[in-house]
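Below is one structure; the comments refer to it alone.
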Amino acid sequence: MESVRDTATRATMTTASTLDDVLLVSSSAKNAPVVAFDVRTGAILRHYGRTNGAGGGALCALGVDKLLVLCPDKRSMDAYGIDKESMERSSILPERPSCVASSRDGAYAACGSSSGSASVWEASSGRLLARFKAHFKGVSAIKFTADGSALITGGEDGAVHAWRMSEVLDDERAAHGSTRATAWRSWTEHSLGVTGIATGSLSGAGGDVCVVSCSADRTCKIYSLGSGSTLRQVRCPTALSCCALDACEATLYAGGVDGRLFEIPLNGAPSVAVSLDGSGAADARDGMVALEGHSKKLASVECSTDGAAVITASEDGTARVWDAASRQTLQILRHPKAPICATAIISRSRFSGEGRGDRGGEKRRAKSSPAPTFSKFLIGPNDRSGIKPWQGPPTTLTGTVTEHKRQRRAVTSTSASTSTNAPKPTPQSKDVAALREALTAARADADAARADAEEWRKLHGDLKTIVDRQLVDAE
């Protein structure tokens, strides 16, 4: 049996191994900052201040130097620099956002909305690449696979869909298709809404990827992305709110609404997964184990980059760092404003430019470009929202500059011919005639300008009517 000293030594080694991890914590309280914690020491490294006076929502790290934070009440997505505390850009979204994710390489960002639609942006330019209807109800979870080839969404309708990025971003397919995208894989086995999604970082034979979803129906389901089959179902004693897989995909962690964290070994027999339900006599050490410490619903669960620690965050305003081997609490991190609603893990090398091989020195990185504005309008064939471009005949606009010049030439030639047939004027009459010609030309210009303004006003009204009609049809 392992002694207390050995347990303490292992905990110390685990703490040292998580040196490269920084935990970003977001709170839904008003004016609550996003806080960066040092996982090793528990110290607060940075506050990302919120200037819009609203609470935060889901967040994710974008690339190596950006942080995206949703603001559902303001319908905005705020971008921060990892090394800066002030907000760089706030992008207004067309719908109320509910969840956000980014690909591992930072090339794409995706966001789900409360209406059930999903949007994908190009991270470097902020251009909206695709918008499609993903679920009948709101999108509650969204995640990219490790290689970025697929986008996984979970909805309040209890469905889990996998979307191929090659098809989502295919212009020709979208141009000849309907306004609804087609999911590559679909699983509709949950009886209640999906609350969390996790994807494996390993690829098996044929590039298969493991996908896990948890739901308020107290179940976790494990799917094979390659074959589309359901591999396993695990039932927990309480409704679940989040889930995560360790680096080796050997252990599943599920967070409950009562604050407990359930550790489920995936390499064991499926029958031991009922050891906490009260119906099985199996030892909890051989099956599901509950880690207790939080007093309220778990908002997120994350595994450290080296797999030696598990980090949980709860609506009670605290985050806990657990030793994966001994199941002991290593650190308790407290957010200044509860409740915590989302977390994200980044490496210390991404956060401060420090790594293990540089002897504590700072790596000088190139100056990062400011965050782009994420567009809320999609122009092109990938717009599957129902709004179609103008399909009518080309419209000829009157009142152009060329027509103005022709009118002025006509007025000038008329004045010249009139002056030719008239008797020879005196010097005083020359000045009067010049003034009259200038007045006539000015009146002609004014009449042409009024006609142009009236024509443009009419065209603007027609265009507004067409756009309103298209928006109503899209609804």
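Of all residues in the stretch 89-110, those satisfying the criterion of being touching a Pro at 6+ places or on another chain (Cβ under 8 Å) and within 26 Å of V194 (Cα to Cα) are R96, P97, S98. Reported count of residues in the stretch 249-269, each being acidic (D, E) and part of a strand (DSSP E or B), is 1.
Based on this model, can you work out whether H176 counts as at pLDDT below 90 and in the same structural domain as V301 (by TED's automatic domain parsing)? Answer is yes for this residue. Looking only at the stretch 62-72, decide whether some residue is of a type in the set (K, R) and at pLDDT below 90. No, the stretch 62-72 contains no residue that is of a type in the set (K, R) and at pLDDT below 90.
Each row is one residue, and each column tells you yes or no for (1) of a type outside the set (V, I, T); (2) at pLDDT 85 or above; (3) within 30 Å of P94 (Cβ to Cβ); (4) in contact with a strand residue (DSSP E or B) (Cβ under 6 Å, 6 or more places away or on another chain).
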site	(1), (2), (3), (4)
A416	yes, no, no, no
A434	yes, no, no, no
E437	yes, yes, no, no
A446	yes, yes, no, no
A453	yes, yes, no, no
D462	yes, no, yes, no
Q470	yes, no, yes, no
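Go over the candidates S76, S86, S113, S125 one by one and state the one that is of a type in the set (S, T, Y), farther than 30 Å from D246 by Cα and in contact with a Pro (Cβ under 7 Å, 6 or more places away or on another chain). Walk me through how you get there before you give the answer.
Numbers: S76 fails: in contact with a Pro (Cβ under 7 Å, 6 or more places away or on another chain); S86 fails: in contact with a Pro (Cβ under 7 Å, 6 or more places away or on another chain); S113 fails: farther than 30 Å from D246 by Cα.
None of the other options fit; the residue is S125.
Among the residues of the stretch 309-334, those that are under 29 Å from the mean Cα position of the chain (by Cα) and small (G, A, S) comprise A309, A313, S314, G317, A319. Annotation: of all residues in the stretch 72-106 being under 12 Å from the mean Cα position of the chain (by Cα) and more than 28 Å from F136 (Cβ to Cβ), the one that is surrounded by the fewest Cβ atoms within 10 Å (Cβ to Cβ) is G106. In this entry, S201 passes the filter for residues that are under 19 Å from V310 (Cα atoms) and not in a helix (DSSP H, G or I). The set of residues in the stretch 308-346 being assigned to a loop (DSSP other than H, G, I, E, B) and within 20 Å of S140 (Cα to Cα) consists of E315, P339.
Could you list, in sequence order, all residues of the stretch 432-469 that are of a type in the set (V, I, T) and in contact with a helix residue (DSSP H, G or I) (Cβ under 8 Å, 6 or more places away or on another chain)? Break it down into steps so the answer makes sense when it comes.
Filtering the stretch 432-469 down to residues of a type in the set (V, I, T) leaves 432, 440, 465-467.
The answer is T440, and nothing else.
For the stretch 128-142, which residues satisfy the criterion of being part of a strand (DSSP E or B) and either more than 19 Å from P72 (Cβ to Cβ) or aliphatic (A, V, I, L, M) (or both)? If the condition is that a residue be part of a strand (DSSP E or B) and either more than 19 Å from P72 (Cβ to Cβ) or aliphatic (A, V, I, L, M) (or both), then L128, L129, A130, F132, K133, V139, A141, I142 are the ones that fit.
The values are calculated or read from the model by the stated rules, or taken from the named source; none is laboratory data. Computed from a predicted model, the values in this text were never measured in an experiment. Backbone-built Cβ (ideal geometry, glycine too); neighbour counts: all protein chains shown.
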